[in-house]
Structure formats: structure tokens, C-alpha cells
Amino acid sequence: MRVSESRNERIGSWLDELVFLSAEGLPSARFYRAQSILFSVLHAVVPDLTLIQHGERVAQRGGAHSGNAGVRMHLPYRTEARLVAELLRDDLRRRRTLDELARTVHLSPSQLNRVFVQAFGRPPIAYLTMLRVERMALLLRTTDLTVSAIAAEVGWGSADFAARQFRRSQGVSPTRYRAGLDLPALGDTPD
């Protein structure tokens, strides 16, 4: 499996945090964050996997309606989906609409939505929200910026809106998320 350098860096930071969270066991206070990180890693890696049966590569086919009920096989990315994902990743601050993204890749909004969901499992705007939340989590872990400053950094004008989106995705508020990073590991005693 080959992973791009930018994706490799993102996966690496997630894995580092997952190791940090689970180094001394996984207390219930950190379970949901660890689960979220694991799902993010899997979401980033699964589209690049190729099925191998009896020593031969097998093209991944089908979708939700292909006879394998409950199993979502990833189709190869269409160029349009990859381009839109790159546009979203490259400039999180920019406000984008589905119509604008669709015009950029010469598809109708509904066609882009369908193609993007097939490739990434969610619509483009939900994908952008996921990217912004991931960036917020990174900035909360690595900086002392306020939630308002981080919200502006990732493209959300309102700290309240950013906090709601973060909580919806991560299960905790940005403030509690940052405070949770400072939780002592199991067995540690305060000085």
C-alpha cells in the first residue's frame, strides 16, 4: 500500500496520539477519543487497500447495493472526487458551497455529491467539516491558541459553531478535549 506524504503525516500524528492515549491502558475518559482516532486512521487507509484472493489482486467493486449487504466496498476514486478532496484539504479557511465545488469539476451538485460519497463515504461539506475538526484537534493538542483563534484558523467564523461541530464529532467540547490531554495515566499519582 502506498500512502501520500501528506496523508502519511496525518496518519502518523493520529497513531502517535492513539499510542499516547492507550500507553497505560485505556481509561473510559479516553475511550471515545481513541475510538475516533482509530476510525479516522481506518477512513484514511481503507480506500488505498486492494483485495487479494488466492495470491491475485482483485479489483474492488460494488457499493452498498452490490449484494454484500452491510459491507461497503470502496470504488476507485474518480478524478473529480480526488480533486474536490484536495481543494478542501488545501484551503480549510475558504468558505465553499457544493455548487461552487461542482462547477470546479464540471459536474452537477447532485452528481458530485454521489461521486464523492462513493469515494469518501460522506458528502463534500461533511468531509470539509471532518477535516476542520481534525485540524482543530491537532491545534488543541499542539498550541495554546484560544478556541476562537483555532476556529478562525480552520475556517469557522464563530467559536460557538466550531465548538458545536467539534463536540458533535469528538464527543467532548474543545476545552474538555484539551484538558483531557493533561489527564494523568492510570497508576500515576499526583505530586
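By the equivalent-ellipsoid construction on the alpha carbon gyration tensor, region 79-145 comes out with semi-axes of 25, 11, 9 Å, ordered largest to smallest. L101 exposes around 0 Å² of accessible area when a 1.4 Å probe is run over every protein chain in place. With 10 Å bins beginning at zero, the pair-distance distribution over Cα atoms of region 75-187 amounts to 14, 40, 27, 15, 3, 0 %. Taken over region 136-183, the percentage of Cα pairs per 5 Å bin, counting from 0 up to the bin with the maximum distance, is 5, 25, 37, 25, 7, 1. The trypsin sites (Lys or Arg not before Pro) of region 92-177 that DSSP puts in a loop, and whose beta carbon has at most 13 other beta carbons within 10 Å, are R93, R94, R95.
Using the Cβ-Cβ distance between D144 and R82 with R0 = 35 Å, the FRET efficiency computed as 1/(1 + (r/R0)^6) comes to roughly 0.50.
The values are calculated or read from the model by the stated rules, or taken from the named source; none is laboratory data. Just so it is clear, the structure is predicted and the values come from calculations on it, not from any experiment. Don't worry about glycine lacking a Cβ; one is built from the backbone with ideal geometry, like all the others, and counts go over all protein chains shown. The protein model used for the area step is the full one, side chains on, heavy atoms only, and it has no ligands, DNA or RNA in it. Shrake-Rupley method; radii C 1.70, N 1.55, O 1.52, S 1.80 Å.
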